[in-house]
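In what follows, a structure is listed as structure tokens, so that the remarks can point back to it.
The values are calculated or read from the model by the stated rules, or taken from the named source; none is laboratory data. For clarity, every value in this text was computed on a predicted model and none was experimentally measured. Virtual Cβ from ideal backbone geometry, glycine too; neighbours counted across all protein chains shown.
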Amino acid sequence: MDRFEYRDGRLWCEGVSVERIARDAGTPVYVYSSQTFLDHFRKIRAAFEPLQPLICFSIKSCSNLAILSLLKEAGSGFDVVSGGELYRALRVGADPSKIVFAGVAKTDREIVEAIDAGIGWFNVESEAEMENLIILAGRKRRVIHAALRINPDVDPKTHRFTTTGKRETKFGVDLERARAFFERFGRNEWVQLGGVHLHLGSPVNTIQPYLDAIGKALRLIDELRNAGFLVEMFDLGGGFGADYEGFQAPTALDYARSIVPLLSDRSLRIVLEPGRSISANAGILVTQVLYTKQSGEKQFVLVDAGMNDLIRPALYEAHHFVWPVVTSREPPAGRNNQPFEGAVLADVVGPVCESGDFLALDHYLPPVQRGDLAAIFACGAYGFSMSSQYNSRPRAAEILVEKDAFRVIRQRESYNDLISAEI
Ligand code: LLP
């Protein structure tokens, strides 16, 4: 699962005590395990090895340059969805041909930047975008590669805010329109339409939605090939799950065992865009208990991290396991929220002035007091990358642990950072 473990009642990340990091860097602080990033990346690569896929780490899940650099060195390409993410990928020296660019509303500036960079594939989401892409590539007299993002109309059975592969979402082009899309754009001199892309949602904790969507996509690809179109690439998107609680997500091998047989011998260049499955379990958010408080029957643990640091609980009612960093009681192996003798049932909440500012609701914790450190687990994905300065709270520091060493990979913001862009 990850390289965060309790030894003699203290939480360690690889060979470094989390308490020591918090003492050094202050709280709230994101702590990442480099080895966990690499483990997850390599597990996906090994599981899908028969397909020799291009693995494009989804930058939006965790975008720090040090982490992108780590994954690039391990051989990763990148999935980007903005000019800013493209900038990050290029800053770490990513091979442009291993970059895929998705997004329903790419601006001209972003498209031109990506053409100039020579990225591998544009994942195109509408006819209007394709028309624009042709104009911009033609103007530059540059031949570029595009894949059509299809909307397979498959329910990924995840939160409605992170469902993308259903017809009623804004993403991709319906299967019925996909054929006409190729008829209209499939022979263009500037934009070579040679791939099919899909992304179902995130997280997709079951395998069947992938099988359904891949089945539909393969039927389309066969049909297109029979009609004379060259379809060489198939991008399955991201969405593989992570272990937030218990061992809830299928492993990379579980996904691969079902998916690989469908795609071998298809002469397709397979692309995967995993984010969460690589980054979620590679990071924790460490916070300090400021106060405890009772209100009616409810216990509150008030901590120094808030919804501006981690918005997932507020936005998706996401569950993150919380536990003291120093404790005589080790958490259950699967880190699931369950009652035990002497537990305090509490809401762990932050300092932001909103009732939605919670990190964990109805959580069973060993008793904690002012000054204690607590770890919020599985925060490596969509944690820091979705953080904000709401309530004028400087963003947290990010720390990367590599074996027995740790280093600051993003400084804690200062009050001056809050206002430095203001005029
Ligand atoms: N590819 C595309 C086109 C995507 O839109 C996404 C995620 C990914 C790949 C990566 O998906 P992953 O492997 O990480 O599941 N903020 C939400 C998740 C939003 C995901 C958006 N798209 C959360 O915190 O749960």
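Quick check: is even one residue across the range 100-107 farther than 25 Å from Thr164 by Cα, of a type in the set (Gly, Ala, Ser) and under 18 Å from the mean Cα position of the chain (by Cα)?
Just the residues of the range 100-107 that are farther than 25 Å from Thr164 by Cα, to begin with: none.
No, there is no match, as no residue in the range 100-107 is farther than 25 Å from Thr164 by Cα, of a type in the set (Gly, Ala, Ser) and under 18 Å from the mean Cα position of the chain (by Cα).
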Item to complete: Hey, can you tell me all the residues within the range 89-121 that are of a type in the set (Lys, Arg) and away from the ligand (no atom under 15 Å from the Cβ)?
Response: Arg91, Arg109
Discussion item. Could you tell me how many of the residues in the range 119-154 are buried (at least 22 other Cβ atoms within 10 Å of the Cβ) and under 20 Å from Leu218 (Cβ atoms)?
Written reply: 11
Practice prompt. Name every residue in the range 129-161 that is within 15 Å of the ligand (Cβ to nearest atom), more than 22 Å from the chain's Cα centre (by Cα) and assigned to a helix (DSSP H, G or I), in order of residue number.
Written response: Glu129
Worksheet item: Given the conditions (1) surrounded by 14 or more Cβ atoms within 10 Å (Cβ to Cβ); (2) farther than 26 Å from Ser58 by Cβ; (3) without any contact (Cβ under 8 Å) to a residue 60 or more places away in the chain, which single one is not true for Cys353?
Response: (1)
Worksheet entry | Which listed residue is among the hydroxyl-bearing types (Ser, Thr, Tyr), crowded, with 23+ Cβ neighbours inside 10 Å and touching an Asp or Glu at 6+ places or on another chain (Cβ under 9 Å), from Tyr30, Tyr6 | Tyr30
Item to complete: Give the range 399-423 a look and list any residue that's in contact with a helix residue (DSSP H, G or I) (Cβ under 6 Å, 6 or more places away or on another chain) and either free of Cβ contacts under 8 Å to residues at least 60 places away in the same chain or within 22 Å of Val289 (Cα to Cα) (or both), or say none.
Response: Ile399
Worksheet, complete the sentence: Expected single match for more than 30 Å from Leu211 (Cα to Cα) and touching a strand residue (DSSP E or B) at 6+ places or on another chain (Cβ under 8 Å) among Asp95, Asp108, Asp155 is Asp95
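Let me confirm something: among Gly371, Gly356, which residue is part of a loop (DSSP other than H, G, I, E, B) and at pLDDT below 95? So that I can check it myself, show each step before the final result.
Numbers: Gly371 fails: at pLDDT below 95.
Criteria check complete, one pass: Gly356.
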Worksheet item: Does any residue in the range 57-69 that is over 12 Å from Phe384 (Cβ atoms) come within less than 6 Å, Cβ to Cβ, of a residue that is acidic (Asp, Glu) six or more places away or on a different chain, and which pairs are these?
Response: Ser58/Asp79; Ser58/Glu273; Ile59/Glu85
Worksheet item: Out of (1) modelled with pLDDT of 95 or more; (2) under 25 Å from Ala178 (Cα atoms), the odd one out for Arg91 is which?
Response: (2)
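When the residues of the range 240-253 are filtered to those that are closer than 15 Å to Leu211 by Cα and within 12 Å of the ligand (Cβ to nearest atom), which remaining residue is surrounded by the fewest Cβ atoms within 10 Å (Cβ to Cβ)? So that I can check it myself, show each step before the final result.
Residues of the range 240-253 that are closer than 15 Å to Leu211 by Cα, as a first pass: 240, 250, 252-253.
Keeping just the survivors that are within 12 Å of the ligand (Cβ to nearest atom) gives 240, 252.
Working: Phe240: 29, Ala252: 22.
Among those residues, the one meeting the criterion is Ala252.
For the range 141-156, name all the residues that are charged (D, E, K, R) and either over 18 Å from Gly172 (Cβ atoms) or not assigned by TED's automatic domain parsing to the domain that holds Ser97 (or both). Steps first, please.
So in the range 141-156, the residues charged (D, E, K, R) come out as 141-142, 149, 153, 155.
Result: Arg141, Arg142.
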Worksheet item: So, of the residues in the range 35-80 that are touching a strand residue (DSSP E or B) at 6+ places or on another chain (Cβ under 8 Å) and part of a loop (DSSP other than H, G, I, E, B), which turns out to be farthest from the ligand (Cβ to nearest atom)?
Response: Gln52
Worksheet entry | Candidates Ala256, Ala305 - the one that is more than 14 Å from the ligand (Cβ to nearest atom), farther than 30 Å from Pro367 by Cα and out of contact with any Lys or Arg (no Cβ under 8 Å at 6 or more places or on another chain) | Ala256
Fill in: Every residue from the range 374-408 that is assigned to a loop (DSSP other than H, G, I, E, B) and small (Gly, Ala, Ser)
Ala378, Gly380, Ala381, Gly383, Ser387, Ser388, Ser392, Ala396
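Quick one: which residue in Ser279, Ser295, Ser267 is under 30 Å from Cys353 (Cα atoms) and more than 12 Å from the ligand (Cβ to nearest atom)?
Details: Ser279 fails: more than 12 Å from the ligand (Cβ to nearest atom); Ser267 fails: under 30 Å from Cys353 (Cα atoms).
The unique qualifying residue is Ser295.
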Worksheet item: Can you find a residue in the range 62-74 that is among the acidic types (Asp, Glu) and in contact with a Lys or Arg (Cβ under 6 Å, 6 or more places away or on another chain)?
Response: no
Worksheet item: From the list Arg45, Arg88, Arg109, which residue is crowded, with 17+ Cβ neighbours inside 10 Å, touching a helix residue (DSSP H, G or I) at 6+ places or on another chain (Cβ under 7 Å) and free of Cβ contacts under 8 Å to residues at least 60 places away in the same chain?
Response: Arg88
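Would you call Ala333 assigned to a loop (DSSP other than H, G, I, E, B), more than 16 Å from the ligand (Cβ to nearest atom) and small (Gly, Ala, Ser)?
Numbers: assigned to a loop (DSSP other than H, G, I, E, B): yes; more than 16 Å from the ligand (Cβ to nearest atom): yes; small (Gly, Ala, Ser): yes.
Against the criterion (assigned to a loop (DSSP other than H, G, I, E, B), more than 16 Å from the ligand (Cβ to nearest atom) and small (Gly, Ala, Ser)), Ala333 qualifies.
Pull up the range 165-178, narrow it to residues that are within 11 Å of the ligand (Cβ to nearest atom) and over 16 Å from Lys216 (Cα atoms), then point me to the one that is surrounded by the most Cβ atoms within 10 Å (Cβ to Cβ).
Taking the range 165-178 and keeping what is within 11 Å of the ligand (Cβ to nearest atom), we get 165, 169, 171-172.
Still in the running and over 16 Å from Lys216 (Cα atoms): 169, 171.
Values: Thr169: 14, Phe171: 22.
Taking the candidates together, the pick is Phe171.
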